1. List every residue pair whose Cβ atoms sit under 7 Å apart, with the two residues 6 or more apart in sequence or on different chains, where the first one lies in the stretch 193-212 and is over 22 Å from VAL169 (Cα atoms) and the second, anywhere, is surrounded by 15 or more Cβ atoms within 10 Å (Cβ to Cβ) and of a type in the set (D, E, K, R).
2. Step by step: first the residues of the stretch 134-157, then only those that are open to solvent by less than 10 Å² (accessible area, probe 1.4 Å) and in contact with a Ser or Thr (Cβ under 9 Å, 6 or more places away or on another chain), then the one that is farthest from LEU186 (Cα to Cα). Which residue is that?
3. Which of the residues spanning the stretch 188-214 are open to solvent by less than 50 Å² (accessible area, probe 1.4 Å) and among the hydroxyl-bearing types (Ser, Thr, Tyr)?
4. What tally of residues in the stretch 95-125 results from selecting those that are closer than 22 Å to HIS207 by Cα and open to solvent by 60 Å² or more (accessible area, probe 1.4 Å)?
5. Mind checking which residues of the stretch 165-187 are over 22 Å from LEU153 (Cβ atoms) and either surrounded by 15 or more Cβ atoms within 10 Å (Cβ to Cβ) or among the aromatic types (Phe, Trp, Tyr) (or both)?
6. With under 20 Å from LEU76 (Cα atoms), at pLDDT 90 or above and not acidic (Asp, Glu) as the only criterion, which of ARG194, ARG147 stands out?
7. So the check is Cβ under 6 Å with 6+ separation or different chains; which pairs have a first residue in the stretch 116-134 that's within 27 Å of LEU181 (Cα to Cα) and a second one that's charged (D, E, K, R) and open to solvent by less than 50 Å² (accessible area, probe 1.4 Å)?
8. Could you list, in sequence order, the residues of the stretch 22-56 that are open to solvent by less than 90 Å² (accessible area, probe 1.4 Å) and at pLDDT below 80?
Amino acid sequence: MPGSDDRDGAAVPLDLIPVRLLRPRARRIALLSCAVGIVLGVLVWIVAPGWVALLVGVVFALPPAIGAFLVTRRHLVLRGTVVTLGGVFRSRSVDLAQLAGVELLVRVAGVSQAVLRVNDGEHNPVSVPLALYANGGGRELDVLALRKLADALATSEIAPAAAIASVLVEQLRAEARDAALGERPLYRAIELARAAGRVPQTTLADHEVASLVE
């Protein structure tokens, strides 16, 4: 397990969907929103003053384009025991060795999600998406990221962190051997919440987290 001397180690990306995959879609959204804004602006210009047409075009084009840009600028990184969520204007970090709270959240929907939420009691919580599942498939955090995250959680002194670290270790083992979805702890977390009717979002209790590795 990592010690205090690991906190400034090499950065490990924790983005569930890499930016290289998001960028082409974000670009298409931005271009489409600009095209829609231009078309609407031209149509409004036919029946209204130019400044009204410009305003309409900007209102329809700008927000989606900015949103698409911001999505590609958000990054989750683990350095040693510190998780950092970086954005365009600011970033926030939580040291997993100094946790005040840690939770395993489950969102059940058409695309279901397992999320780790951590906080140090001083800053806003940081959420780390661990897995997405839909239609018998999904996307999961890779084995290296899971291992480093589990190691970092294990440095915490609070019991829930150790329990969730165990879940992540079992998850990476399941991924490494290409186990069926039903054998993967994070997928079982989704099924547990769905079976209990706890939708669209719930936080797993300590005993439920422990049951994922039994």
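1. PRO200/ARG107; GLN201/ARG107
2. ALA152
3. Correct list: THR202, SER211.
4. 4
5. Listed by number, the list holds a single entry, LEU181.
6. Going through ARG194, ARG147 in turn, the sole match is ARG147.
7. Partner pairs satisfying both residue conditions: ALA131/GLU140.
8. LEU22, PRO24, ALA26, ILE29, ALA30, SER33
The values are calculated or read from the model by the stated rules, or taken from the named source; none is laboratory data. Quick caveat: nothing in here was measured; it's all calculated off a predicted structure. Cβ coordinates were reconstructed from backbone atoms using ideal geometry, including for glycine residues, and neighbour counts include every protein chain displayed. Areas reflect the complete protein model, heavy atoms only, side chains present, ligands, DNA and RNA absent. Shrake-Rupley method; radii C 1.70, N 1.55, O 1.52, S 1.80 Å.
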